[in-house]
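Remarks on the structure that follows.
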Amino acid sequence: VAVLRQVGQALMDDAIAPFYQPKIFMESGEIEGFEALLRWNDGSGWQAPAAIEHAFEDPTLAVQLGERMMDRVIADLTGWRKLGLNIGRIAVNVSAAEFSKSDMANRILAKLDRAGLSPGDLDIEVTESVILGTQATHVGHALRRLHTQGVSIALDDFGTGYASLTHLRQYPFDWLKIDRSFVRDLEVDANADAIVSAVIGLAHGMSRRVVAEGVETVSQLDILRRRGCDVVQGYLVSRPMPASRVPAFTRRWV
Ligand code: G
Ligand code: G
Ligand code: NA
Ligand code: MN
């Protein structure tokens, strides 16, 4: 309860903001896009959401946090476009509770349209738990509607939850994100390597692409390159950064 009140206050104080972490094409080295990650300012600085994670389960707060993130992402992206920066797509994480409103897809599409952005500018990341939740029907409908309009859909933390391979046929995923626990063990665990290779083969066989999360070392990068991974994300490239640092990063990177 204290956490929920804290988050409500943070929303009022404008103390919720996206940080951005780049995702890089393995082959060309170009920026594929950035993942928007929620940060909140507790008075001592910008914090990762661990302490307020329960807020994502509260239907009202989850919707408010999601709306705030989407509004901030759209404002940031609009500003970067005006500067002529090639930012790529922005990926936004969406929690199960945000799908409880059945018009969720249309609200997102309308926001993009009002800002003069296109659905192709946006990526939606969902975890396996989102598609297994009580809102599964809404989720399926919303994801298909977004995908039909050109929004990319990514299945986050792939391989760590309870989703079955059946979901890969039922939902329109463009991307599988290999969870960072597999990437972390790549160099020391042949089984992690085998799983990563199999996931990449599975994705490519279905004409989907793969992002490896949590890439921290050059040796992990080398293994992922040999396995045919499409895109990498992790501290090796950059930690999540405030919006103000994205233009300089983008200019320096190309
Ligand atoms: O850096 P990191 O600690 O940011 O993120 C922790 C967890 O919080 C991750 O599982 C991430 O997917 C999730 N998360 C980060 N930002 C958001 C957001 O805007 N919405 C939702 N629903 N989850 C987020
Ligand atoms: O669940 P999701 O994949 O959205 O969460 C992303 C989380 O992973 C965020 O908390 C982000 O800060 C964190 N993260 C991003 N890159 C790295 C990395 O290279 N190493 C570790 N340990 N965490 C990372
Ligand atoms: Na994510
Ligand atoms: Mn993830």
Legend entry - Portion, in percent, of the accessible area of the range 119-165 that falls on carbon or sulfur, probe 1.4 Å: 54 percent
Legend entry - Rounded accessible area per residue of the chain, 1.4 Å, Å²: 47 Å²
Legend entry - DSSP-defined beta bridges in the chain - what % are antiparallel, rounded to 5: 40 percent
Legend entry - Convex hull volume of the range 83-165 per residue (C-alpha atoms, cubic angstrom): 100 Å³
Inset, instruction - Would you mind computing, in nm to one decimal, how far apart the modelled labels at Glu30 and Ser102 are, each placed 7 Å from Cα along Cα→Cβ? - result: 4.1 nm
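For the peptides 144-156, 43-55, what is the packing order when you average, over each peptide's residues, the other Cβ atoms within 10 Å and list the highest mean first?
Per-residue Cβ counts within 10 Å, averaged per peptide and sorted highest first, yield 144-156, 43-55.
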Legend entry - Per-pair calculated FRET efficiency, R0 = 30 Å: Asp113 and Met12 via Cβ, rounded to 0.05: 0.60
Inset, instruction - Restrict the search to the range 116-201; then list the GluC sites (Glu not before Pro) that DSSP places in a loop and that have at most 16 other Cβ atoms within 10 Å of their Cβ. - result: Glu187
Legend entry - FRET efficiency for Ser197 and Thr148, using Cβ-Cβ distance with R0 set to 35 Å, rounded to 0.05: 0.65
Legend entry - Cα-centred dipole magnitude for the range 1-90, charges only on beta-carbon of K, R (+1) and D, E (-1), debye, nearest 20: 240 debye
Inset, instruction - Assuming a ≥ b ≥ c are the square roots of the Cα gyration tensor eigenvalues, decide whether the range 116-254 counts as rounded (a/c under 1.5), prolate (otherwise, with a/b larger than b/c) or oblate. - result: oblate
Inset, instruction - Mark the label point 7 Å from the Cα of Arg5 along Cα→Cβ and return the residues of the range 60-80 whose backbone N is within less than 15 Å of it. - result: none
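The values are calculated or read from the model by the stated rules, or taken from the named source; none is laboratory data. On a predicted model such as this, the values are computed, not experimentally measured, just so you know. Cβ coordinates were reconstructed from backbone atoms using ideal geometry, including for glycine residues, and neighbour counts include every protein chain displayed. These accessible areas exclude ligands, DNA and RNA; they are computed on the full protein's heavy atoms, side chains included. Shrake-Rupley method; radii C 1.70, N 1.55, O 1.52, S 1.80 Å.
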